[in-house]
Amino acid sequence: MEQSFIMIKPDGVQRGLIGEIISRFEKKGFYLKGLKMVTVEKSFAEKHYEDLSAKPFFAGLVDYIVSGPVVAMVWEGKGVVLTGRKIIGATNPAESAPGTIRGDYAIVVGRNVIHGSDSVESARKEIALWFPEGISAWQSNAHSWIY
Ligand code: RTP
């Protein structure tokens with residue numbers, strides 16, 4: 001089953017949005033397979049965002065991600081990468097539709113509350129980076145009610 005790496009960024013944690021965000025993915029029918037709160041080092045944040053290292057906002061982005069604890073999660077379900085991005089909304093909250101997480105809870109791109117993998121391949125890489133210890137294997141009893 002497809003998996004996505006979803007991270008609640010430091011502003012989402014500080015603003016008390018953890019429960020709300022988890023609830024949206026849970027109510028959709030996705031399964032929470034991995035969850036931890038961590039404060040990462042600069043070098044780790046740089047690795048996570050290495051594809052953006054040439055962007056002018058890269059240094060500010062790294063400072064933002066290391067500014068406090070983040071909640072790292074693995075969510076599982078059919079089409080979770082693409083549907084997860086839809087639940088999250090457009091990168092710039094000024095363009096995110098109401099009803100999406102960023103559309104409802106963020107105003108500027110530099111404080112957009114949440115990250116979600118943009119492809120199955122990135123998800124695989126990000127899960128390996130954030131959960132080198134692996135994640136617990138469990139099956140939901142709700143499966144036959146969702147699929
Ligand atoms: P994310 O990786 O966090 O899910 O975001 P994304 O795919 O929607 O957007 P991406 O282009 O990969 O950008 C990653 C994060 O960088 C910050 N950003 N700041 N100041 C700016 O112009 C700017 N542009 C992007 C955002 O925090 C964005 O989520």
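For region 68-82, does any single residue satisfy the condition of being under 23 Å from Ala45 (Cβ atoms), of a type in the set (A, V, I, L, M) and free of Cβ contacts under 8 Å to residues at least 60 places away in the same chain? No: zero hits.
Among the residues of region 83-95, just one is without any contact (Cβ under 8 Å) to a residue 24 or more places away in the chain, within 22 Å of Gly29 (Cβ to Cβ) and surrounded by 18 or more Cβ atoms within 10 Å (Cβ to Cβ), namely Gly89.
Of the helices (runs of 4 or more DSSP H) entirely within region 94-147, those holding at least 1 residues that are at pLDDT below 95 and farther than 18 Å from Tyr64 by Cα occupy 143-146. The condition (being among the basic types (Lys, Arg) and more than 16 Å from the ligand (Cβ to nearest atom)) is satisfied by just one residue among Lys47, Lys28, Lys86, Lys9: Lys28.
Anything in region 9-55 that is acidic (Asp, Glu) and free of Cβ contacts under 8 Å to residues at least 40 places away in the same chain? List them, or say none. Let's see the steps before the verdict.
Taking region 9-55 and keeping what is acidic (Asp, Glu), we get 11, 20, 26, 41, 46, 50-51.
Hits for region 9-55 are Glu26, Glu41, Glu46, Glu50, Asp51.
Name the residue, out of Gly103, Gly110, that is within 20 Å of Gly19 (Cβ to Cβ) and small (Gly, Ala, Ser). Answer to the selection: Gly103.
In summary, helices (runs of 4 or more DSSP H) completely within region 1-66 and bearing 1 or more residues that are more than 20 Å from Thr83 (Cβ to Cβ), among the β-branched types (Val, Ile, Thr) and in contact with a Phe, Trp or Tyr (Cβ under 7 Å, 6 or more places away or on another chain) occur at 58-65.
If you go through region 50-68 and pick out every residue that is over 16 Å from the mean Cα position of the chain (by Cα) and within 10 Å of the ligand (Cβ to nearest atom), you end up with 7. Selection of region 91-147 for residues being aromatic (Phe, Trp, Tyr), closer than 26 Å to Ser43 by Cβ and away from the ligand (no atom under 16 Å from the Cβ) yields only Phe131. Selection of region 12-66 for residues being surrounded by fewer than 16 Cβ atoms within 10 Å (Cβ to Cβ) and at positive phi yields only Gly16. Taking (1) within 16 Å of the ligand (Cβ to nearest atom); (2) touching a Phe, Trp or Tyr at 6+ places or on another chain (Cβ under 9 Å) in turn, Val71 satisfies each apart from (2).
The values are calculated or read from the model by the stated rules, or taken from the named source; none is laboratory data. The structure presented is a predicted model; accordingly, all values stated were derived computationally and were not measured. Reconstructed Cβ throughout: ideal geometry from the backbone, glycine too, with neighbour counts over all protein chains shown.
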